[in-house]
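Structure record follows, encoded as structure tokens.
Read the figures in this text as sums done on the coordinates, not as results from a lab. This one's a predicted model, so the numbers in the text were calculated from it and none came from an experiment. Here the Cβ is made from the backbone with ideal geometry for all residues, glycine too, and neighbour counts use every protein chain on show.
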Amino acid sequence: MIDTTEHSARTERPPRPKQRRPRNLDAPSMPVRALKGVVLVVICALVIIPFFGIVSTSIATPDQVTDAGGFVLWPEGFDTTAYSTIFAGGVVTQAILVSVGITFVGTLVSLVGSTMLAYSLSRPGAFGQKPILMLVLVTLLIAPGLIPNYLVVKEFGLLDSYWALIIPTAINGFNIIVLRAFFMGIPQELIDSARIDGAGEFGIFWRVVLPLSRAVLAVIGLFYAVGYWNAFFNALLYISDTAKWPLQLVLRTYVVKNTELGGADLGTSADQLPPQASIQMAILVISIVPILIAYPFLQRHFAKGMLTGAVKG
């Protein structure tokens, strides 16, 4: 007879050692959490306090701005003279209109060109796919020089033209790669079913691909819009007519370089001008607020739009 007790004891597996929880998954101690909270509060204060001071200076009374030496952290009154002066006419009002137009037209041109190029590069067997894709990748590694850029813009007759602020930056290689990766992640079955139903390439692109790409298009559109809105260097190079200056170039001239704005620049008499610090801070607020307004509406698309394109690429 076989001793089953001895056999079962001999074949019994030794108990597995208890796995320890990784240290990075343990809840942080109270001092660590307190330190993180303090660091977070300090960082938020470093970001919020200067911006709050800019807004406060722009709406403070002229006497308070003068007494404070040009920077008011907490306004005692509420005065919108600086904003009414800016919007009364002159170089700042014209610059705002120029920036709005360039941002709108430039973003539209960039989105149309980028989506069509990225979609064509994402389709297998497209004509010239590999050479064009290599050209796009080369632009990420090798940046053209300042003088060649200027000569190209000059040869095309774009100097002192608004198109000089749009065409040279209309297509961004990084955005093309992100869009292409997203389009490649769209199930091929959807495209095949649309093709069976009789849709052409443009119909598939318009009716199938674009509705599925709203998240990534919102993110890429915001990238382009912020780039056009904040750009000033191309205007500094290509635009010599001050009537065609965008807001950021005006901001650089009259705020960063601390050039005073006269009554002729603002379309009003010199004796009615508020302090220069109030006007400068008001220009800063106007240049920042549009991005702050647009960002919350597009924030929910960031994770989905960017990570999906990056992971599936």
Under a plain spin-label model, where a point goes 7 Å from the Cα along Cα-to-Cβ, how far apart in nm are residue 295 and residue 51? 0.5 nm
Can you list the trypsin sites (Lys or Arg not before Pro) in the range 164-265 that are in a DSSP coil and have 10 or fewer other beta carbons within 10 angstrom? 257
Gain on full stretching of the segment that runs from residue 36 to residue 192 - 0.36 nm per residue minus C-alpha separation: 51.0 nm
What distance in nm lies between label points placed 7 Å from Cα along the C-beta direction at residue 240 and residue 105? 2.1 nm
With 0.36 nm assigned to each residue of separation and the Cα-Cα distance removed, residue 84 to residue 137 gains 14.3 nm
By how many nm would the segment from residue 230 to residue 156 grow when fully extended, if each residue of separation counts as 0.36 nm and the alpha-carbon distance is taken off? 24.2 nm
